[in-house]
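The values are calculated or read from the model by the stated rules, or taken from the named source; none is laboratory data. For clarity, every value in this text was computed on a predicted model and none was experimentally measured. A quick note on method: Cβ atoms are made from the backbone with ideal geometry, for glycine too, and the neighbour counts reach across all protein chains shown.
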Amino acid sequence: MTFRYTFPIAILAGFVATFVCAQTAPKPAAKVTTAAKRALILRTPWGDPDLQGVWNDATSTPLQRPGGVASKDVLTSEEAEEFQSQLATELSRDRRDGGAEADVNRAYNEHWMDARRLKISNNKRTSLIVDPPDGRMPPLAPLSPEREKLRAARNIVNTRFNAGLPETYADMSLPVRCIIRTDSPPYLPTVYNNDFQIFQSPGYVVISPEMIHSARVIPVDGSSHLGKDLKQWLGDARGHWDGPTLVVETTNFRPDSGGVFQGANGETFKITERFTRVDATTLNYEFTINDPATWTKPWTAVVPWTKIDPKEQMYEYACHEDNYDIVHFLMGARERERKGEAK
């Protein structure tokens, strides 16, 4: 069976535990009582479930199930080994099979990439999406006339930028302008900078992604959402505890946020995230996207995070809106115009 990798972002979603009995004859495992389960929950000094630490979510398992394995939720061990091997080859930035242009496009070699991204999920799932059951996003909803106009205008801008002829800084996407990037929920793995640091204090949880510079300060004190007319780049997040799980509901995204996630509508986009500490080194991250203006129904994915070695430093990602690249892009465009290259 041959698999083709189609999406660069994905999650880890599952674990296999093996229990070995010392007796010759196997005996049924003892049931864990509710009281014992509560005792296993790591807690902060003030009594909340403890999610603190630096976590990594890198994996090569695709976000959506590839067409070649559309009927399978989970791969066999042999299929998983083949799949992972192929992904590792295709994702490697050390490949130089394509001439000078490919070499330039892969200027960041494998040294700068997160090696953890080459490993598929431990449960051998074929996608990180768990609902719908086919492992793929639901069909898109019809676009309103207003969004059709916005999409057409954005396509014109993208064409100018890709041709090396941006007219203004506003022609550049929000990630290029260093406004928001992977610090906006949902959190999904990429080629590098897949770490997240979680801090807690009474009444608050803070999530600080390694990529770019934002930190989400999430009240868990029962306070209400901001007024619906107050929009923010990262939305307005409010959390509460559901047993050992931190549940975070985020709304109030800016309509000009670039879609928040793959073309979503900032006005109607809502995300519900669930953070659950599984054990000392594992945290499950689950999110449900609800945006009736973009998808015909909600969809859900699960991303287990792994706690990294405390000695592994999380470095500053010094990306800011006055990035020199913006100046260079615009200078290059004006030079092309001067030479008559503009069309």
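Quick grid of which residues meet (1) in contact (Cβ under 8 Å) with a residue 12 or more places away in the chain; (2) under 30 Å from residue 41 (Cα atoms); (3) among the aromatic types (Phe, Trp, Tyr):
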residue: 244; (1), (2), (3): yes, yes, no
residue: 248; (1), (2), (3): yes, yes, no
residue: 264; (1), (2), (3): yes, no, no
residue: 267; (1), (2), (3): yes, no, no
residue: 285; (1), (2), (3): yes, yes, yes
residue: 293; (1), (2), (3): yes, no, no
Restricted to region 298-323 and to residues being within 20 Å of the chain's Cα centre (by Cα) and of a type in the set (D, E, K, R), the residue farthest from residue 187 (Cα to Cα) is 316
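Residue-wise test of (1) in contact (Cβ under 8 Å) with a residue 12 or more places away in the chain; (2) at positive phi; (3) among the small types (Gly, Ala, Ser).
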position	(1), (2), (3)
178	yes, yes, no
181	yes, no, no
209	yes, no, no
229	no, no, no
Looking at (1) at pLDDT 85 or above; (2) aliphatic (A, V, I, L, M); (3) more than 18 Å from residue 63 (Cβ to Cβ); (4) not in a loop (DSSP other than H, G, I, E, B), which is the one condition that is false for residue 100? (1)
Return the residues of region 126-158 that are hydroxyl-bearing (Ser, Thr, Tyr) and either under 30 Å from residue 82 (Cβ atoms) or touching a strand residue (DSSP E or B) at 6+ places or on another chain (Cβ under 8 Å) (or both); say none if nothing qualifies. 126, 127
Could you please give the count of residues in region 50-83 that are crowded, with 20+ Cβ neighbours inside 10 Å, touching a Lys or Arg at 6+ places or on another chain (Cβ under 8 Å) and not in a loop (DSSP other than H, G, I, E, B)? 3
Which residues, counting only those in region 262-280, are more than 18 Å from residue 251 (Cβ to Cβ) and either among the charged types (D, E, K, R) or touching a Ser or Thr at 6+ places or on another chain (Cβ under 6 Å) (or both)? 276, 277, 279
With respect to residue 136, is the statement that it is of a type in the set (Lys, Arg), in contact (Cβ under 8 Å) with a residue 60 or more places away in the chain, crowded, with 19+ Cβ neighbours inside 10 Å and closer than 30 Å to residue 117 by Cβ true? no
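With the requirement that a residue be hydrophobic (A, V, I, L, M, F, W, C) and buried (at least 19 other Cβ atoms within 10 Å of the Cβ), what does region 273-307 give you?
Those that are hydrophobic (A, V, I, L, M, F, W, C) and buried (at least 19 other Cβ atoms within 10 Å of the Cβ): 275, 283, 287, 289, 295, 299, 301, 302, 303, 305.
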Looking at this structure, is residue 153 farther than 30 Å from residue 283 by Cβ, surrounded by fewer than 16 Cβ atoms within 10 Å (Cβ to Cβ) and without any contact (Cβ under 8 Å) to a residue 40 or more places away in the chain? yes
Looking at 63, 51, 87, 42, which one is over 21 Å from residue 275 (Cα atoms) and modelled with pLDDT of 50 or more? 87
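Which residues, taken from region 162-172, are surrounded by 16 or more Cβ atoms within 10 Å (Cβ to Cβ) and either free of Cβ contacts under 8 Å to residues at least 24 places away in the same chain or touching a Lys or Arg at 6+ places or on another chain (Cβ under 9 Å) (or both)?
165, 166, 171
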Mind listing whichever residues of region 293-311 are out of contact with any helix residue (DSSP H, G or I) (no Cβ under 8 Å at 6 or more places or on another chain) and not in a strand (DSSP E or B)? 294, 296, 297, 298, 308, 309, 310, 311
